[in-house]
1. Counting only helical runs of four or more DSSP H residues, what would the 222 nm mean residue ellipticity of the chain come to if each run contributes -39,500 (n - 2.57) and the total is spread over all its residues?
2. Just the Cα atoms of the range 110-181, one point each, no solvent: what log10 I(q)/I(0) does Debye give at q = 0.16, 0.20, 0.25, 0.27 Å⁻¹?
3. Over the chain, what number does the Rg to Rh ratio reach, with both radii from the alpha-carbon atoms and Rh per Kirkwood?
4. Put a dot 7 Å past each Cα toward the Cβ at residue 76 and residue 154; how far apart are the dots in nm?
5. Which of the GluC sites (Glu not before Pro) found in the range 72-132 are in a DSSP loop and have at most 16 neighbouring Cβ atoms, other than their own, within 10 Å?
6. Keeping all protein chains in the complex and leaving out DNA, RNA and ligands, what accessible area do you get for residue 62 with a 1.4 Å probe, in Å² to the nearest 10?
7. Between the range 135-158 and the range 26-42, how many Å separate their Cα centres?
8. Once you put a point 7 Å from the Cα of residue 139 and another 7 Å from the Cα of residue 32, both along the Cβ direction, what distance in nm separates them?
Amino acid sequence: SYTKPLDSLPKLLAAPGLHWCNHGFDKEHRTEENALEGFNLMVVDVDGSISLAGVHELMKDYTFITSTTKRHTDKVNRFRLIMPTNYVLNLDKADYREFMNSFMAWLPFEVDESCNQRSKKWESYDQGNFHYNEGNILDALRFIPKTAKNEQYKKDFQDVQSLDNMERWFAQRIATGNRNN
């Protein structure tokens with residue numbers, strides 16, 4: 001299938017009056033049962049739990065796009081975070097949910113939990129602001145259920161599970177043997 005570069009995605013995100021999905025659908029009918037396996041973007045909604053500037057700083061090492069939504073204000077930042085994966089992933093409903101739940105728990109801020117549904121749709125917004133960051137493509141392997149990397153990720157996650165998202169983010173980045181440990 002033909003893919004466009006990630007930096008051209010704002011054209012879709014800013015198109016007036018469109019809705020879009022991260023998956024294709026059998027018979028072009030958007031239901032979970034009709035969702036086709038295969039995606040290469042992770043999309044989450046951030047609804048006021050952190051500022052755009054905060055996300056840009058925390059995620060600066062990764063490739064991503066942020067796109068403000070129509071409910072975004074200077075006081076309550078509401079936007080989408082869109083990150084490419086390093087693989088096209090073919091996950092069924094249960095595995096996709098588990099994959100996205102792991103990814104969302106990894107993020108250092110809270111996001112809309114409904115983003116773990118393959119049939120979720122997002123509305124474009126022609127008045128939105130977009131930020132494109134070029135960095136490392138996030139390795140999706142740690143989030144793919146029933147893999148060795150995911151089992152290790154879940155084991156490591158148990159050690160910091162009691163921490164909030166931000167504390168967990170920094171705790172996972174502290175190198176063993178670091179004097180700040």
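1. Working: 5 runs with 46 residues, N = 181.
Result for the chain, helices only: -7000 deg cm²/dmol.
2. The Debye formula, applied to the Cα set alone, gives -0.93, -1.21, -1.30, -1.29.
3. Numbers: Rg = 16.7 Å, Rh = 17.3 Å.
Expressed as Rg/Rh, it is 0.96.
4. 3.6 nm
5. On the way: sites: 98, 110, 113, 123; in loops: 110.
Of the GluC sites (Glu not before Pro), the ones in loops of the range 72-132 whose Cβ has at most 16 other Cβ atoms within 10 Å are 110.
6. Accessible surface of residue 62 is approximately 40 Å².
7. 23 Å
8. 3.2 nm
The values are calculated or read from the model by the stated rules, or taken from the named source; none is laboratory data. What you see is a predicted model; the values in this text were computed from it and never measured. Reconstructed Cβ throughout: ideal geometry from the backbone, glycine too, with neighbour counts over all protein chains shown. The area values use the complete protein model at the heavy-atom level, side chains included, leaving out ligands, DNA and RNA. Shrake-Rupley method; radii C 1.70, N 1.55, O 1.52, S 1.80 Å.
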